[in-house]
1. Given the conditions (1) more than 19 Å from G81 (Cβ to Cβ); (2) modelled with pLDDT under 95; (3) assigned to a helix (DSSP H, G or I), which single one is not true for Q95?
2. Which one of the conditions (1) at pLDDT below 90; (2) under 30 Å from E185 (Cα atoms) does Y84 fail to meet, given that it meets all the rest?
3. Go through region 156-177 residue by residue and tally those that are surrounded by 21 or more Cβ atoms within 10 Å (Cβ to Cβ) and either of a type in the set (S, T, N, Q) or under 22 Å from Q89 (Cβ atoms) (or both).
4. Going by what's in this entry, would K130 be described as open to solvent by 50 Å² or more (accessible area, probe 1.4 Å) and part of a helix (DSSP H, G or I)?
5. Restricting attention to region 98-122, and to residues there that are surrounded by fewer than 21 Cβ atoms within 10 Å (Cβ to Cβ) and among the hydroxyl-bearing types (S, T, Y), which single residue is modelled with the highest pLDDT?
6. Could you grab me the full set of residues in region 152-194 that are assigned to a helix (DSSP H, G or I), out of contact with any Lys or Arg (no Cβ under 7 Å at 6 or more places or on another chain) and hydroxyl-bearing (S, T, Y)?
Amino acid sequence: MSRPLNNYKLKFLFIKLKKIMNLNFSNIYIGILILLLITFLFLFLSKFLSKKNLEDKIIVLEKTDKTQSNISPYDISFRLGLSYLQKRQYDKAVQQFENCLNTWNKNDMLSLGVLYNTLGFCYYKSNQLKTAGYYYKQAILLLPDYTSALNNLAMVFERQANKDKAIEMYKKVLSYDSMNLTAKERCLVLSKLN
C-alpha cells in the first residue's frame, strides 16, 4: 500500500520538476541579471556610505577645538591620523601621528610603541623605508616583544634587499610567537633564496 503512494509522490515531483524546467530561459537570465544588479548596488552603497561616514568623521575631528574639547589633543590627532590612514592619505596621517608624538605621555610605553609602529607603517606605505625602519626600531626599543613591529621591520629589510637581517627579525618574531604565520612563511621563502 505504501508503494503506490511513493510512486504517486515521485510522479508529482516529476511533474513539478518538468514545469520548473519549462521556464523560459530568458526569464532565468533576467532574474540572474537583476540579482547581480541588486548585489552590485548593495556593495556600492555600503562602500559609499562607509566613505561618507569617514569623511564626516574627519570633518568633525578637524573642527574640534583642541583647547575646548573634553577629549585630549593627542587623542583627537590620533583619531584623525587613523581616519587619514583608512583613506590611504599617508602624509596627512603622518602629520597627525607626529602631533600625537609631541604631546603623548612618555610614560605610556605600550601606546607609544603602537604609535611608533603606526608611524612606521605610514612611512612604509609611502615608500620611505629608512624612516619606516627608524620608527619600527623605536617601537621595538619600547616593546621588545612587539611582534607586529618586528614583522614590519623585517619587511623593510626585505624591501631593502637585506635578506639576512630580515631572516634575523623573522626568527626573533618566532622566538616570541612560534605560531606567527607571516614570520614562518617569510623565513621559509627567504631561506630558499640562498
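The values are calculated or read from the model by the stated rules, or taken from the named source; none is laboratory data. A quick note: this is a predicted structure, and the numbers were derived from the prediction, not measured. No Cβ is skipped: glycine too gets one built from the backbone with ideal geometry, and neighbour counts run over all protein chains shown. The area values use the complete protein model at the heavy-atom level, side chains included, leaving out ligands, DNA and RNA. Shrake-Rupley method; radii C 1.70, N 1.55, O 1.52, S 1.80 Å.
1. Tallying (1) more than 19 Å from G81 (Cβ to Cβ); (2) modelled with pLDDT under 95; (3) assigned to a helix (DSSP H, G or I), Q95 fails exactly one: (1).
2. The number of the failed condition is (2).
3. Qualifying residue count, region 156-177: 1.
4. In short, yes.
5. Among residues in region 98-122 that are surrounded by fewer than 21 Cβ atoms within 10 Å (Cβ to Cβ) and among the hydroxyl-bearing types (S, T, Y), the one modelled with the highest pLDDT is S111.
6. S175, Y176, T182, S191
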